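The values are calculated or read from the model by the stated rules, or taken from the named source; none is laboratory data. Since the structure is predicted, the reported quantities are computational estimates derived from the model, not experimental observations. As a convention, Cβ positions derive from the backbone with ideal geometry for all residues, glycine included, and neighbour counts pool all protein chains shown. We work out accessible area using only protein heavy atoms, side chains counted, and drop any ligands, DNA or RNA first. Shrake-Rupley method; radii C 1.70, N 1.55, O 1.52, S 1.80 Å.
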Amino acid sequence: MLEIRNLAKTFGSGERALSDVNLVASKDEVIAILGLSGSGKSTLLRCINRLVEPTTGSVILNGTEITSLGKRQLRQVRTGIGMIFQSVNLVDRLSVLDNVLTGTLGVMPTWRVVTKQFPKSEVERALEYCERVGIIEHVEKRADQLSGGQRQRVGIARTLMQSPSIILADEPTSALDPKIGYEVMGLIRTLAMEDSLPVLVAVHDTGIAKNFSDRIVGMKFGAKVFDQPTGLVSQDDLDQIYVDDNERPSSRPQQLESA
């Protein structure tokens with residue numbers, strides 16, 4: 001279980017990116033963090049694993065307070081936090097299989113990763129994840145031969161190699177066309193349910209949030225505006241995070257619709 005208590009982040013410039021955010025995430029629960037660019041949703045995800053250092057507050061994952069850990073302990077805890085980025089950051093000259101195997105870097109001796117001398121059990125596990133995410137037929141291809149959706153699937157398989165206890169996904173579909181984006185989010189949701197993993201996904205697309213999350217957390221100017229089961233999120237809730245007081249009603253986002 002993940003628990004976030006009174007999390008705040010102020011950058012050196014004085015910009016307040018997060019303001020006293022509280023959140024709890026349970027097993028196999030997909031939570032969409034919804035908001036405009038600059039709302040704080042990506043900063044929130046990065047504060048959870050301390051890619052961005054919180055200014056105040058606590059992040060507790062499965063009983064471990066991440067915000068109080070030293071560097072060595074933090075490295076160990078991070079191996080169990082899967083992170084899926086908008087930019088997948090694959091090594092283009094490596095094969096799909098080798099890219100997936102780099103997910104063991106946090107627990108495998110570096111020399112094995114660099115020399116690609118992986119134990120047979122890890123190779124078999126990587127092939128299993130390639131099968132699960134639908135890229136088994138591409139395992140021998142170089143990463144630079146893949147489409148955007150295929151690259152994101154490789155990134156997901158790489159994340160699963162960490163055996164994570166939670167997955168954080170930062171705009172994983174924003175660089176994909178809508179059809180492929182829905183396929184990728186459907187895959188992430190399926191894996192969360194099958195492996196009993198909580199998933200926090202930062203998105204700005206209300207359709208993605210509606211169709212693939214159990215809860216939606218709306219954010220604006222670094223603050224949590226609402227936290228509702230997905231089916232209960234109303235147009236008024238959306239207006240709180242997407243509409244300024246002076247905006248014309250015609251500029252409001254469309255009502256949530258199911259795919």
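Summary table below
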read-out: Along principal axes, Cα extents of region 141-217, largest first, whole Å; value: 37, 28, 17
read-out: Table column - 3J(HN,Hα) (Hz), region 77-88, Karplus curve with 6.51, -1.76, 1.60, x for Gly and Pro; value: 5, 4, 5, x, 10, x, 10, 10, 9, 4, 8, 5
read-out: Ordering of 34-41, 140-147, 177-184 by packing [mean C-beta count within 10 Å, highest first]; value: 34-41, 177-184, 140-147
read-out: Per residue solvent-accessible surface (Å²) - the chain, probe of 1.4 Å; value: 48
read-out: Shape of region 18-89, Cα gyration tensor, a/c cut at 1.5; value: rounded
read-out: Antiparallel bridge percentage (DSSP; both residues within the chain; nearest 5); value: 55
read-out: Carbon/sulfur fraction of accessible area - the chain, other protein chains in place, 1.4 Å, %; value: 48
read-out: Within-13-Å neighbourhood charge of Ile66 [Cβ basis; K, R +1; D, E -1]; value: +3
read-out: Mean residue ellipticity (222 nm) of the chain, computed from DSSP H runs ≥ 4 via -39,500 (n - 2.57), nearest 500; value: -10000 deg cm²/dmol
read-out: Residue among Gln76, Asn22, Thr55 farthest towards the positive dipole end of the chain, charges placed on Cβ; value: Gln76
